[in-house]
Structures are given as C-alpha cells and as structure tokens.
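S.K.: Would you mind keeping the following structure in view while I ask a few things?
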Amino acid sequence: MSRQAPTLEDVAREAGVSRATVSRVVNGVRNVDPAIQDLVRRAIERTGYAPNQAARQLVTRRTTTVALVVSGAGDGPEAGGEDTHGTGEAEADGPAERGPRPDREQIAFATRVFADPFFGRVVGGVVGHLRPRSMHPVLMFAETPETRQEVVTYLRQGGADGALVVSTHPDDPLPALLAEARLPAVLFARPGRPVPLSYVDLAHREGGRLAAEHLLARGCRRIVTVAGPLAVPASQERLAGFRDTLARHGKPFVPVAEGGFTVDSGMAAMTSLIAEHPDADGVFAGNDLMAQGAVQVLRDHGRRVPQDVAVVGFDDSSVAVTCRPRLTTVRQPVEEMAATMSGLLDDHIRGRRAEPTSVIFDPELVVRDSA
C-alpha cells in the first residue's frame with residue numbers, strides 16, 4: 001500500500017503549531033515570527049511536505065516564476081546590434097526558453113546574446129537569488145514588436161509574477177510598455193529613456209576615472225580609447241569619466257575609435273587607432289572583449305603588452321583571466337547587481353515596495369598583467 005503524501009496537518013503536528021500558521025509560512029505571509037517560520041521549515045524538511053503549486057497559486061495569486069527578458073529594439077537583425085552590455089552563456093540549470101520555434105532573426109539575436117560572458121553572469125546572479133526562495137526564471141527574448149507584445153501578454157495573463165529586463169539597445173521600447181501596463185519589472189541598467197521602473201546600475205563614470213588614473217600612474221602619456229557603442233548610456237559614461245580625468249591631468253584630447261562590445265569590433269577599432277597613432281602607449285577598452293581584440297592587434301603589430309602598451313578593460317569577465325596577458329580591468333559586480341535586481345522585483349511583487357528605486361554599484365580596479 002502506497003504511503004500518502006504529507007499534508008499541512010502533518011507539518012503542523014511535527015512543528016507543534018496550528019495548520020493556519022503552517023499555511024501562512026508556506027504561502028509567504030509576512031506577519032509570522034521568524035522563529036516560527038524556521039520551526040515550520042524544519043518540520044517541512046522532516047516530513048517531506050511539498051506544497052500543491054496549483055492550490056498555492058490560487059491562494060497567493062503568484063506563480064513563483066519570473067520572466068528574465070533579454071530585449072532589443074527594432075524589427076530586424078540590426079536590432080540590438082549595439083549591445084548595451086554584451087551578453088553570455090546561460091548555466092545548464094538556469095532559465096528555460098519558451099515560445100515558438102525561432103526563425104533566422106531570432107537565432108541571430110540569441111547568438112548575439114550568448115556571445116559574451118556578461119549574460120551568463122546575470123543568469124548566475126538571478127538564479128542564485130531566486131532558487132533559495134523557490135522561485136524560477138523563464139528566459140524570454142523580445143527583439144521585435146511581436147515578441148515584446150508576447151512578453152507583456154504573458155505577464156498580464158499571469159504566466160510570470162514579474163520581469164527582470166536586460167536591454168541590449170538604448171532605444172528599447174519594452175521598459176515603457178511594461179511601465180504603461182503597470183506590470184512589476186526591474187531593469188539591469190538605467191534605461192535610455194526615463195521610465196518609472198526600478199533599476200540597478202554601475203557608476204560607469206567612476207569606472208572610467210579608475211582606468212585613466214591607473215594608466216597615468218603607469219606613466220602612459222599617449223593614450224587611446226576603444227569605446228563601446230556611443231549611443232549606449234554606459235559607454236557614454238565610461239568614456240566621459242575617462243576623458244574628464246585625463247583632462248584634469250592636462251590631456252584635453254583622447255583619440256577614440258568606437259567598437260561594439262565584441263572581440264572583432266575591438267580588433268577593428270584598435271587597427272584604426274594604431275594606424276593613426278602608432279606611438280600609443282596606453283589603451284582603455286570599454287569592455288574586456290574589446291580589450292582582448294586590442295591586445296591581439298597590438299601583438300600582430302609587434303607591440304608588447306604591457307611593456308610597450310598598457311591595456312585596461314572593463315567588466316572583469318571570464319575573458320579577463322583567459323586573455324594573455326591577463327587583463328587589468330574595471331570590475332562590474334554583475335552577479336551582485338543581478339541578485340539585487342531580483343530582490344527588488346520580489347519586493348515589488350510582494351507589495352513591500354511601491355515606488356520605483358535605483359541601486360548604483362561602485363566599480364573596482366582589478367590589477368593583473370596587461371597594465
């Protein structure tokens with residue numbers, strides 16, 4: 001005879017509390033003493049009780065699922081061509097993709113998303129926050145008007161409790177659509193257009209300052225910059241902080257070549273800069289992938305890094321430690337930022353936070369071998 005599944009009553013007897021108290025703990029009601037919550041959770045572990053998710057959703061009106069949305073702009077493959085962050089490899093036990101079979105444009109967009117370690121770090125931070133709370137992310141791409149509307153409809157119909165949005169383009173209209181629909185959402189990075197949504201971001205200008213001061217302290221005097229896409233707020237801020245710091249040290253002009261947050265774009269930008277400024281002795285790249293491309297071009301031109309040219313990247317991604325020489329870089333604490341983004345969304349979903357807020361993280365210079 002098969003053993004019956006444990007019930008709320010079993011947990012209540014094990015914990016020595018009422019069934020109503022167990023129900024409040026299971027459903028995440030806030031007005032339960034932390035000591036009682038801990039007592040109930042231990043009883044749940046001992047009894048092996050598993051809540052009926054369908055019944056729980058009827059009570060809480062929550063799915064315990066959040067949408068992790070990677071969103072671009074425009075209608076075609078050019079959308080998202082100027083990535084706001086760079087994107088990366090999802091972990092094997094991370095979010096599951098949903099939606100119809102992708103066409104060529106969707107495949108191209110997804111390929112760009114997974115081409116950079118950034119997105120893998122976002123996923124790690126999101127999953128690390130959600131999993132202990134029995135919450136799960138669902139990965140969605142929103143690079144066209146149709147797929148953006150799919151996201152809004154999915155949330156409106158209760159497919160997920162809210163959205164964590166990583167925009168890959170400064171003109172992304174999705175944040176405004178979510179705000180207009182009054183759906184719970186939190187953004188990774190300040191949006192290109194102001195919207196009443198919470199977001200996390202980095203003090204990018206301060207990061208540019210750290211890179212400039214380090215190159216100057218090394219004695220670099222002929223410094224050039226491989227900037228990220230100049231339409232992107234983060235790229236603008238990093239470059240502005242770098243330029244301002246050099247100007248304060250009597251260097252009013254810094255040669256700049258624009259890249260696209262990829263290795264190839266970093267190589268193209270560095271090739272242009274080294275042709276026009278063959279005596280350059282310092283390089284600041286707007287992310288680690290472009291820094292890696294710059295290092296490769298310098299090596300091809302017979303320039304040693306860091307003996308002849310010092311190179312500083314940005315992000316402190318996995319590329320920084322696999323590049324040779326290892327990259328000195330400005331660290332962006334992506335995992336912590338993603339976890340905080342998830343916490344803000346949980347607060348909005350549970351009603352603990354009504355007004356939008358922003359959390360700005362400080363960058364840190366990580367010194368390795370390239371500068």
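S.K.: Out of the residues in the range 140-158 that are β-branched (Val, Ile, Thr) and out of contact with any Asp or Glu (no Cβ under 6 Å at 6 or more places or on another chain), state the one that is modelled with the lowest pLDDT.
M.R.: Looking at the filtered set, the residue picked out is 147.
S.K.: Here's a follow-up. Exactly one condition in (1) open to solvent by 50 Å² or more (accessible area, probe 1.4 Å); (2) of a type in the set (Asp, Glu); (3) within 22 Å of the chain's Cα centre (by Cα) is false for residue 201; which is it?
M.R.: Among (1) open to solvent by 50 Å² or more (accessible area, probe 1.4 Å); (2) of a type in the set (Asp, Glu); (3) within 22 Å of the chain's Cα centre (by Cα), residue 201 violates only (1).
S.K.: Exactly one condition in (1) open to solvent by 30 Å² or more (accessible area, probe 1.4 Å); (2) free of Cβ contacts under 8 Å to residues at least 40 places away in the same chain; (3) small (Gly, Ala, Ser) is false for residue 231; which is it?
M.R.: That leaves (2) as the condition not met.
S.K.: Taking the range 189-227, which residues are modelled with pLDDT under 95 and either touching a Phe, Trp or Tyr at 6+ places or on another chain (Cβ under 9 Å) or β-branched (Val, Ile, Thr) (or both)?
M.R.: Answer for the range 189-227, where residues must be modelled with pLDDT under 95 and either touching a Phe, Trp or Tyr at 6+ places or on another chain (Cβ under 9 Å) or β-branched (Val, Ile, Thr) (or both): 189, 190, 191, 195.
S.K.: May I pose another question? Among the residues of the range 157-184, which ones are within 19 Å of residue 126 (Cβ to Cβ) and not small (Gly, Ala, Ser)?
M.R.: Once the filter is applied, which keeps residues that are within 19 Å of residue 126 (Cβ to Cβ) and not small (Gly, Ala, Ser), the range 157-184 yields 161, 164, 165, 166, 168, 172, 174, 175, 178, 183, 184.
S.K.: I want to confirm something. Restricting to the range 133-172 and keeping residues that are farther than 28 Å from residue 260 by Cβ, touching a residue at least 24 places away in the same chain (Cβ under 8 Å) and among the hydroxyl-bearing types (Ser, Thr, Tyr), which single residue is most open to solvent (accessible area, probe 1.4 Å)?
M.R.: 134
S.K.: Restrict the check to the range 263-281 and report whether at least one residue is modelled with pLDDT of 95 or more, surrounded by 20 or more Cβ atoms within 10 Å (Cβ to Cβ) and part of a strand (DSSP E or B).
M.R.: No, there is no match, as no residue in the range 263-281 is modelled with pLDDT of 95 or more, surrounded by 20 or more Cβ atoms within 10 Å (Cβ to Cβ) and part of a strand (DSSP E or B).
S.K.: Here's a follow-up. In the list 297, 311, 305, which residue meets the criterion of being open to solvent by less than 10 Å² (accessible area, probe 1.4 Å), outside any helix (DSSP H, G or I) and assigned by the TED database to the domain that holds residue 210?
M.R.: 311
S.K.: Would you confirm whether or not the range 242-250 contains a residue that is farther than 22 Å from residue 363 by Cβ and out of contact with any Gly (no Cβ under 9 Å at 6 or more places or on another chain)?
M.R.: yes
S.K.: Can you tell me which residues in the range 205-243 are within 20 Å of residue 273 (Cβ to Cβ) and acidic (Asp, Glu)?
M.R.: Passing the criteria: none in range.
The values are calculated or read from the model by the stated rules, or taken from the named source; none is laboratory data. As the structure is a prediction and not an experimental result, all values here were calculated from the model. Backbone-built Cβ (ideal geometry, glycine too); neighbour counts: all protein chains shown. Accessible surface areas use protein heavy atoms only, side chains included; no ligands, DNA or RNA. Shrake-Rupley method; radii C 1.70, N 1.55, O 1.52, S 1.80 Å.
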